[in-house]
Amino acid sequence: MRRRFLIRLAVATLGTALMTACRGPLPTAPPAPLTESQARYLESRQRMLQRFGRPGFELVVDALAGQEFLGVEFFPEYANQSFYRAGGQTLRSQAKLILSQPVPERARILWRDTSERRFIEGVGSRYAGNILGDETIEVGSRIPQELIDDLERDPRGNLRLKFRMSKDGTLFGWDIQRRPGYDPNLRDPQGRDIHFPAVHSFAGGDFREAEIVNGKVVRKGWHIERRTGRKVETDY
């Protein structure tokens, strides 16, 4: 009895397999067409990959002294996913991140009246405050070709993209950071890495941070006021 049952089951299984083989693979749904924003983002991304040759940069974000921004998000223009977000941004809460994505051609920057968040079905957690600032600034398109050529010549360095938020509009700057003489295999007598101070080259843009050594300003910082175009020196 059991043997006859097993034989019928094997025949039925074989028949199903043969029918499936005859029908061929099930058709798959065609990919959804790109929206206009998606297409523009991909075009911009490709332009930056061609220009810089490799993805990746160090992101530095802070704000002008005495100013605070809530519910902050940075997006590549036309993108849905942010490359930086912060509940609150000040000078003291400076952020430094190494990102492996392409340099954004332009960045859209948002801030709000609160850092509160809410959950959106199918999207996830998002800042819930009213938008106070919404600006788009040139980023990758402003980087000088000389800097890109120097990184290609000597890739042992980080391209730094620096953003200093301001109520009059976010300031953008750039440079290359290297540590000449640094060797990860060298150790001091206690077995620790030997420290080599960072050296920055090709600094440019709307601002540059001060150089501070042992708590003392050895080189003043500066920024360009958006409203007047005046260059203002700073101790930070």
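The values are calculated or read from the model by the stated rules, or taken from the named source; none is laboratory data. Quick caveat: nothing in here was measured; it's all calculated off a predicted structure. As a convention, Cβ positions derive from the backbone with ideal geometry for all residues, glycine included, and neighbour counts pool all protein chains shown. Note: accessible area is taken over every heavy atom of the protein model, side chains too, but ligands, DNA and RNA are not part of it. Shrake-Rupley method; radii C 1.70, N 1.55, O 1.52, S 1.80 Å.
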Quiz item: Name the pairs: first residue in segment 46-64 and more than 16 Å from Asn158 (Cα to Cα), second residue β-branched (Val, Ile, Thr) and outside any helix (DSSP H, G or I), Cβ to Cβ under 6 Å, at least 6 apart or on different chains?
Solution: Met48/Val103; Ala63/Thr90
Quiz item: Within segment 153-170, can one find any residue that is under 21 Å from the mean Cα position of the chain (by Cα), open to solvent by less than 30 Å² (accessible area, probe 1.4 Å) and over 24 Å from Gly71 (Cα atoms)?
Solution: yes
Quiz item: Taking segment 88-122 on its own, how many of its residues are touching a residue at least 40 places away in the same chain (Cβ under 8 Å), surrounded by fewer than 17 Cβ atoms within 10 Å (Cβ to Cβ) and either in a loop (DSSP other than H, G, I, E, B) or small (Gly, Ala, Ser) (or both)?
Solution: 5
Quiz item: Would it be correct to say that Ile137 is of a type in the set (Val, Ile, Thr) and either open to solvent by 60 Å² or more (accessible area, probe 1.4 Å) or part of a strand (DSSP E or B) (or both)?
Solution: yes
Quiz item: So, in segment 171-201, of the ones that are within 22 Å of the chain's Cα centre (by Cα) and farther than 19 Å from Arg106 by Cα, which residue ends up modelled with the lowest pLDDT?
Solution: Ala198
Quiz item: Just a yes or no: is a residue in segment 178-194 open to solvent by less than 50 Å² (accessible area, probe 1.4 Å) and among the hydrophobic types (A, V, I, L, M, F, W, C)?
Solution: no
Exercise. Quickly run through segment 140-152 and pick out the residues that are open to solvent by 60 Å² or more (accessible area, probe 1.4 Å) and either without any contact (Cβ under 8 Å) to a residue 12 or more places away in the chain or part of a loop (DSSP other than H, G, I, E, B) (or both).
Key: Gln145, Asp149
Practice problem: Name every residue in segment 205-233 that is more than 19 Å from Lys96 (Cβ to Cβ) and either open to solvent by less than 60 Å² (accessible area, probe 1.4 Å) or part of a loop (DSSP other than H, G, I, E, B) (or both), in order of residue number. | Solution: Asn214, Gly215, Lys220, Trp222, Ile224, Glu225, Arg226, Arg227, Thr228, Gly229, Arg230, Val232
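Within segment 123-134, work out how many residues are assigned to a strand (DSSP E or B) and surrounded by 12 or more Cβ atoms within 10 Å (Cβ to Cβ).
Final tally of qualifying residues: 5.
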Self-check item: Flag if Ala107 is of a type outside the set (Asp, Glu) and closer than 22 Å to Asp168 by Cα
Solution: yes
